[in-house]
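Below is one structure, written out as structure tokens; the observations come after it.
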Amino acid sequence: MKLITAFILLITLSFTSVAQKKTIPNPTSLMKDEAAFNIQSNYESYKKVALDIWNYAESGFRENKSSTLLQSTLLENGFTVEAGVAGMPTAFVATYGSGKPVIAILAEFDALPGLSQDSSSSKSPITNKMNGHACGHHLFGAGSVASSIAIKALLKEGKIKGTIKVFGSPAEEGGGGKVYMVREGLFKDVDVALHWHPSSRNAVTFSSALAYKSAKFRFHGLSAHASASPERGRSALDAVEGMDYMVNMMREHIPQETRIHYVITNGGKAPNVVPDFAEVFYYVRNPERSLVESIFERVVKTAEGAAIGTETKMDYEVIDGTHDLLINKTLALNMQANLEKVGGLTYTPEELIFGKQLQSTFTGKIPSLDSASHIKPLETEKNQGSTDVGDVSYVVPTVGLTTATWVPGTPAHSWQAAACGGKDMAIRATALASKALAYTAIDLFMDPTLIIKAKEEFKISIGDYQYKALLGDRKPALNYRD
């Protein structure tokens, strides 16, 4: 009987031991929990950083306060910071750690002109402010910094080895900050680049972006009295209008995926004076960078023709140009798992009221507010936007995600997006993005094979293409918002 009892006890202890082993979290999971705790425990600090930048609302290459705030936050947390990189005063690279792997996290912080807005559910521009964070880059910068600091803590404790870098890139909205960073070789030692972007849904980026090229076309004519002696004038505005007309006629004869937009930035000063100067700002987009180049050259020909027809002179300045976005499935699958681990956003009763009020201002199909709590499955979709992250993706394996910082259905570059950006729900969604970035970075530090597979996929995707910036060898267009 004693032998039977002892045997039963031995079996019980064995099963108990096995059960205990199964419930012990692995080191990677423990580090993810620690990173999440780090981000959450500093929530109020990161919220202040984000909302300060939301209030600054500085446009491209003028983000002096915003960039300084992010840099000081990183310096206070032990990073070394190199400011003014690649010829851009507000660009920076912050570094912590040493050796391989080198994981980069991208950060943006520029606002959009003409989209000033408070955080209410009705259109209410802020007095004496022109700009607004209608693309959420105040969140982008703060969230990326938060995830990087969480990784830094693990590096400092010796739980992971390698280097974390934060690339503070200005002027994403038409200035191409990352393009100059890539062109200057700042990503040459990076193994993988991570990024995220505010949105109205939670998803891993699994679709390419449109390549694009932009330029300002300037026409020079002769001024004269528009009534007394119009024959003595040569109108630069006529040239702009002639160019615009020809481009609009050209739309019928270009690939249908192409997008061409323009705005007349200077059309003269007074109706009774024949304008001797006029300027129009053009964007040309297409999924294929080679087509962007060829269609852009056709746009240039319309400008040349307009100048001949109006007897004016024309010159143009290329402002920006970005590649399409290379997708890395190896990295996307990993980030998808981490985003699902983090989960979506749950609204408070007050936020549900705000969301319904804001959605009443939308047009088109309006999704459920509950969709902010869902994680979108990994699938390819059509993407009609452009990003200078595309250039990064052509020199290093890159992966990104979005979280629902905006009320579902909110269009980017709208006053509604700017309004959402001033709300606590946007900050909470930013914290979700920070955690997903940190989790993905931890996997990369802990699993060398993940980086190897990502690089193998990258080499196949890039083929024999040699990177060349679409904006050429021009210096950063620091005054492009003038």
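The values are calculated or read from the model by the stated rules, or taken from the named source; none is laboratory data. Note that the structure is a prediction, hence the values are computed from the model and not measured. Using ideal geometry, Cβ is built from the backbone for each residue, glycine included, and neighbour counts are taken over all protein chains shown.
What the table below lists for this structure:
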| read-out | value |
| --- | --- |
| Among (1) exposed (fewer than 14 other Cβ atoms within 10 Å of the Cβ); (2) touching a residue at least 40 places away in the same chain (Cβ under 8 Å); (3) out of contact with any Gly (no Cβ under 9 Å at 6 or more places or on another chain); (4) in a loop (DSSP other than H, G, I, E, B), the one test that THR363 misses | (2) |
| Within segment 34-77, considering residues that are among the small types (Gly, Ala, Ser) and not in a helix (DSSP H, G or I), the one nearest to VAL179 (Cα to Cα) | GLY60 |
| Residue satisfying condition, being under 16 Å from the mean Cα position of the chain (by Cα) and either on the phi < 0 side of the Ramachandran plot or part of a strand (DSSP E or B) (or both), within set ALA441, ALA469, ALA412, ALA477 | ALA412 |
| So GLY185, is it farther than 12 Å from LEU401 by Cα and under 13 Å from the mean Cα position of the chain (by Cα) | no |
| Extreme residue, surrounded by the most Cβ atoms within 10 Å (Cβ to Cβ), among residues of segment 78-102 that are part of a strand (DSSP E or B) and in contact with a Phe, Trp or Tyr (Cβ under 7 Å, 6 or more places away or on another chain) | ALA94 |
| Odd one out for LYS48, checked against (1) out of contact with any Leu (no Cβ under 7 Å at 6 or more places or on another chain); (2) over 25 Å from ASP191 (Cβ atoms); (3) buried (at least 24 other Cβ atoms within 10 Å of the Cβ) | (3) |
| Close pairs (6 angstrom Cβ cut-off, 6 or more residues apart or separate chains): surrounded by 22 or more Cβ atoms within 10 Å (Cβ to Cβ) in segment 404-415, in a strand (DSSP E or B) anywhere | ALA404/ASN202; THR405/PRO198 |
| From LYS365, LYS313, residue being more than 30 Å from GLY463 (Cα to Cα), in contact with a helix residue (DSSP H, G or I) (Cβ under 9 Å, 6 or more places away or on another chain) and basic (Lys, Arg) | LYS313 |
| Looking only at segment 158-180, and only at residues there that are touching a Lys or Arg at 6+ places or on another chain (Cβ under 7 Å) and among the small types (Gly, Ala, Ser), the one that is farthest from LEU69 (Cα to Cα) | GLY162 |
| Test result for LEU437, crowded, with 16+ Cβ neighbours inside 10 Å and touching a helix residue (DSSP H, G or I) at 6+ places or on another chain (Cβ under 7 Å) | yes |
| Residue in segment 349-362 that is in contact with a strand residue (DSSP E or B) (Cβ under 9 Å, 6 or more places away or on another chain) and in the same structural domain as SER169 (by TED's automatic domain parsing) present | no |
| Test for ASP324: is it outside any helix (DSSP H, G or I), at pLDDT 95 or above and buried (at least 20 other Cβ atoms within 10 Å of the Cβ) | yes |
| Hits in segment 377-403 - residues which are in contact with a strand residue (DSSP E or B) (Cβ under 8 Å, 6 or more places away or on another chain), crowded, with 20+ Cβ neighbours inside 10 Å and part of a loop (DSSP other than H, G, I, E, B) | SER386, THR387, ASP388, VAL396, PRO397 |
| Selection count where residues are without any contact (Cβ under 8 Å) to a residue 60 or more places away in the chain and farther than 26 Å from HIS323 by Cα, scope segment 270-295 | 8 |
| Residue check for THR302: hydroxyl-bearing (Ser, Thr, Tyr), in contact with a Lys or Arg (Cβ under 8 Å, 6 or more places away or on another chain) and in contact (Cβ under 8 Å) with a residue 40 or more places away in the chain | no |
| Those residues of segment 64-115 which are touching a His at 6+ places or on another chain (Cβ under 9 Å) and either free of Cβ contacts under 8 Å to residues at least 24 places away in the same chain or under 21 Å from MET130 (Cβ atoms) (or both), in sequence order | SER66, GLU108, PHE109, ASP110, ALA111, LEU112, LEU115 |
| Qualifying residue in segment 193-202 (condition: in contact with a Leu (Cβ under 6 Å, 6 or more places away or on another chain), of a type in the set (A, V, I, L, M, F, W, C) and at negative phi) | yes |
| Complete set of residues in segment 122-152 that are of a type outside the set (D, E, K, R), over 22 Å from the mean Cα position of the chain (by Cα) and surrounded by 19 or more Cβ atoms within 10 Å (Cβ to Cβ) | none |
| Any strands (runs of 3 or more DSSP E) falling wholly within segment 179-269 and containing at least 3 residues that are buried (at least 22 other Cβ atoms within 10 Å of the Cβ) and in contact (Cβ under 8 Å) with a residue 60 or more places away in the chain | 192-199, 211-220 |
